[in-house]
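> Encoded as C-alpha cells, here's the structure I'll be asking about.
Rule-based calculations on the coordinates, nothing more; no lab input. Everything numeric here is computed off the predicted structure, so don't read it as measured data. Reconstructed Cβ throughout: ideal geometry from the backbone, glycine too, with neighbour counts over all protein chains shown.
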Amino acid sequence: SVAAAVRRAGRRAGESLRAVVLLVAALCVALTAAMTFISLQKASAEHRESRHLLSSLRSDLYESLYLQEEAIVLGGLDAQLDVALRASLDRGAARVAGLRRFDGGGVQERVTQRLFVSYRRVLEDEAVLLRAGDIGGARRLEELGVDPVFHDLTDVIDQHLADHEAAADRLELQADVGSVVTLSVAAMVIWLLASRQRKAHLAAERASAQRR
C-alpha cells in the first residue's frame, strides 16, 4: 500500500541520516585526533631540541673549563688558547639564546641564562689574570669563583636535561596512545556502517520477497 511504501521510505531515510551523522562524527573525531597528534609531536620535538641545546651547552662548558686549566698549567693564556676560549664561550651564549625559542623565557631558561652569564663573567676575569701572567690569582679565582658557578650551572643543566627527556617521552606516549584510540574508533565506525548497510540490504531483500 501507499502508506507502507511511505513508511519504508521514511525508515530508509532515517537510516541514511543516522549513517551520515555517524560518519560526520567519526570524521570530526579523526580530525581532532590528528590535530592533537601533530601538536603533541611538535611539543615533543621542541623538548628534544631543547635537550640537544642543553647537551651542547654542557660540552661547551667543559671545553672552556679545560682550556682555562690548560692555560694555568702552561703558565699563561697564549693567543691560540685565547681564541679557542672565546669561541667556546660564544657558542655557549648562542645555545642559551636558542633555548628562548622553546622555553619561552620560562624559569628553567632564566636560571640557565643567569648562571651562564655569571660563569662567563668570572671565567673572563680569570682570563685577564692569565693574560697578565698572574697564575696564583687565576688559581684562587678558579677555586673560589669559577668552580662553584660551574658546578651550579652543570647541575641545573643536568636537571633540565632529565626534565626535557621525560617530557618528550610522555608526549610521544600520549601521541601513540591517541593514534591507537583513533584507529580503534575509526574501525568501530566502519564496522557499524557496514553492519547497518548489511542489515538494510537484508531488510530490502525480505521486503522484496514478501511482495512477490
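> Sticking with the crude label model, points 7 Å out along Cα→Cβ, report the distance from M35 to R121 in nm, one decimal please.
Reported label-point gap for M35 and R121 is 4.7 nm.
> Of the peptides 48-54, 136-142, 75-81, how do they stack up when ordered by the mean number of other Cβ atoms within 10 Å, highest first?
Ranked from most to least packed, the peptides come out as 48-54, 136-142, 75-81.
> Going 7 Å from the Cα of I135 along its beta-carbon direction, which residues of segment 52-88 have the amide nitrogen within less than 20 Å of the resulting point?
Of the residues in segment 52-88, 65-83, 85 have backbone N under 20 Å from the label point off I135.
> Going by average Cβ density within 10 Å per residue, which order do the peptides 163-169, 117-123 take, highest to lowest?
Result, highest mean Cβ count within 10 Å first: 117-123, 163-169.
> Can I ask one more? Run the quick spin-label model on A94 and L74: label points 7 Å from Cα toward the beta carbon, then report their separation in nm to one decimal.
Here the modelled spin labels are 2.3 nm apart.
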